[in-house]
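Just below is one structure, and these are the notes that go with it.
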Ligand SMILES: *Cc1c(COP(=O)(O)O)cnc(C)c1O
């Protein structure tokens, strides 16, 4: 489904770390953090072991706990909800926009109004690399005294009205798993302009050692969510090449969009006017409601083409239903889109021929099922 793009510079910087005795907590992490902060236009970046641990540390640092309600989207990867569940906070879902698939500000307002108590936070996800409607969401969050947490794990390099994804709200989180636009192996980063919040995230990441604590003093209950030097080195090299990585993905996305333009029953991804730069994370098509998405995926598989039903909404995940009951019916757009979206193989080094082959396979699969 995806492939990282690793070059000579990545090998050089990782080898540089291996030639030293410092494999964690060294200069590469600081270099990586500086580069991420600069790229996302933030004062601070805190490197962490994954996007998930970054979101969790941030929720904890903001003091969001068991008595709290938060508003977020169910059309996402589970980590953006799990970070609240770890702390016992209760997610309230707003529905999504039928074009961008991002959380719908009007539905957020309804969720806030219907909440038994004022929600503590609003967490929008920049779905598939397209920023959520962050101007409107920021206004709703500040008007209601909610922390805005931007899950930018899929959107490094994207821009909303000319402003960098990750630069909105109290803080944002990026992720660097190997299928993302750039990778550190496992890894993530929290970015913020708030000095106190940054210190708190650093403390939680490092076993509760507050600034000034020595190695065996733990001021608070913390975690080991650190990012090692080898991962940070990979990240420094990838960031140097980020514009190239993003451009290659953009080229592949454009090839898909033109190859699929004439395929009946397939809606290609749509970029809204507020998105001044798309950062392509995945290439997800939406099938006509009359088509059986899972049957299309099986047909593709017979052609040797992998695909994924993407996203299966979080409120319809088995673990979520077990805990909160079946909320199916409460999020009509999320549920409709969740039944019809299919991610195709996607990364920046896919050839024209491969994209053409996938498009042909999809066309045939649909024809086959229609007949
Ligand atoms: C990738 C991703 C994360 C974090 O994933 P990790 O695998 O923990 O790095 C969080 N939220 C969203 C929306 C993601 O796509």
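Bear in mind that the values in this text are calculations on the coordinates, not laboratory data. Every value quoted in this text rests on a predicted model; they were computed, and no experiment measured them. Reconstructed Cβ throughout: ideal geometry from the backbone, glycine too, with neighbour counts over all protein chains shown.
Dividing the summed helix terms, -39500 (n - 2.57) for each DSSP H run of n ≥ 4, by the number of residues in the chain produces a 222 nm estimate of -12500 deg cm²/dmol to the nearest 500. By the equivalent-ellipsoid construction on the alpha carbon gyration tensor, the stretch 281-371 comes out with semi-axes of 28, 16, 11 Å, ordered largest to smallest.
Taking 25 °C and 0.890 mPa s as conditions, the stretch 197-245 diffuses translationally at an estimated 200 µm²/s according to Stokes-Einstein applied to its Kirkwood radius (Cα pairs). A simple spin-label model places pseudo-atoms 7 Å from Cα toward Cβ; at residue 139 and residue 67 they are separated by 3.2 nm. The average projected area of the stretch 1-67, computed from the convex hull of its Cα atoms over all directions, is 7.4 nm².
Each label was represented as a point 7 Å from its Cα along the Cα-to-Cβ direction; for residue 327 and residue 306 these points are 3.1 nm apart.
If you wrap the chain in the convex hull of its Cα atoms and look at it from every side, the mean projected area works out to 18.9 nm². Footprinting exposure proxy ranking of 146, 28, fewest other C-beta atoms within 10 angstrom first, gives 146, 28. Extension gain for residue 251-residue 369 works out to 39.5 nm (0.36 nm per residue, less the C-alpha to C-alpha distance).
Principal semi-axes of the equivalent ellipsoid, √(5λ) from the alpha carbon gyration tensor of the stretch 1-137, are 35, 19, 13 Å from largest down.
I need to check one value: relative contact order of the stretch 152-306, counting alpha carbon pairs closer than 8 Å and at least 6 residues apart, in percent.
The value is 23 percent.
Along Cα→Cβ, 7 Å out, is where each label goes; now give me the distance between the ones at residue 258 and residue 218 in nm to one decimal. Distance between the two pseudo-spin positions: 5.7 nm. Legend: calculated FRET efficiency, residue 195 to residue 290, from the Cβ-Cβ distance at R0 = 45 Å, rounded to 0.05, equals 0.25. The ranking of 60, 301 from fewest to most other beta carbons within 10 Å of each one's beta carbon is 301, 60.
Rg and Dmax, both from the Cα atoms of the stretch 230-297 and both in Å, are 16.0, 48. Applying 0.36 nm per residue to the separation of residue 9 and residue 113 and subtracting their alpha-carbon distance, the gain on full extension is 32.3 nm.
Dividing the mean sequence gap of close Cα pairs (under 8 Å, 6+ apart) by how many residues the chain holds gives a relative contact order of 21 percent.
Counting other Cβ atoms within 10 Å as a rough exposure proxy, the listed residues 278, 1 run 1, 278 from fewest neighbours to most.
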